[in-house]
Amino acid sequence: MIPIGVHEADEIERGITNFVRESNTGLIVVGPPSSVAPINRDLIVGLAARYHLPAVYATRAFVPRGGLISYGSDPTTEYRRAAGYVDRILKGEKPADLPVQAPTKYELVINLKTAKSLGLDVPDRLLAIADEMIE
């Protein structure tokens, strides 16, 4: 695994281009919602397509734009759960007394058109457990 540490948008293309020169296996795009990845999703998906890199993303928003696969929690569900915490805090509960909550459901989304363009056959077993397939 070779991390590509990018903190600003202009580093993305340079980082992925250098990555491709060193290795040609695949790309895993992670990061919190406030990272540069979601803001630059079209650039990242485009670079993955240009260099024929299979890429896995932490959020589903990349997949309809041409990303190969995403596996991560549903942001809408997470925001709803956060709203419940805000409500409890506004009603007087101490934030330190509230338990830390981890996501309870993860979504697997696969873009079959992208898989085909990369020459990848998605195993039936993976298709069977996918929450959504984009054709």
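The values are calculated or read from the model by the stated rules, or taken from the named source; none is laboratory data. All values reported here derive from a predicted model rather than from experimental measurement. In this analysis, Cβ positions are derived from the backbone assuming ideal geometry, glycine residues included, and neighbour counts consider all displayed protein chains. Surface areas here come from the heavy atoms of the whole protein model, side chains and all, with no ligands, DNA or RNA. Shrake-Rupley method; radii C 1.70, N 1.55, O 1.52, S 1.80 Å.
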Amide N proximity, segment 39-73 versus residue 113 label position 7 Å along Cα-to-Cβ, cut-off under 13 Å = 63-68
For residue 116, the aspartates and glutamates lying under 18 Å Cα to Cα, once residues fewer than eight places off in the same chain are dropped, come out as 124, 132, 135
Rounded to the nearest 5, the percent of antiparallel DSSP beta bridges in segment 1-117 equals 50 percent
Of the DSSP beta bridges with both residues in segment 52-135, give the percent that are antiparallel, rounding to the nearest 5.
-> 50 percent
For residue 89 and residue 20, compute 0.36 nm times the residue count separating them, minus their Cα-Cα distance, and round to one decimal in nm.
-> 20.1 nm
Descending accessible area (1.4 Å probe), largest on the left, turns 39, 28 into 39, 28
Using only alpha carbons, build the gyration tensor for the chain and give me the equivalent ellipsoid semi-axes, biggest first, whole Å.
-> 32, 20, 11
For segment 33-86, what is the Kirkwood estimate of the hydrodynamic radius, computed as the reciprocal of the mean inverse distance between distinct Cα atoms, to one decimal in Å?
-> 12.1 Å
For the residue 121, residue 52 Cβ pair and Förster radius 22 Å, calculated FRET efficiency rounded to 0.05 is 0.90
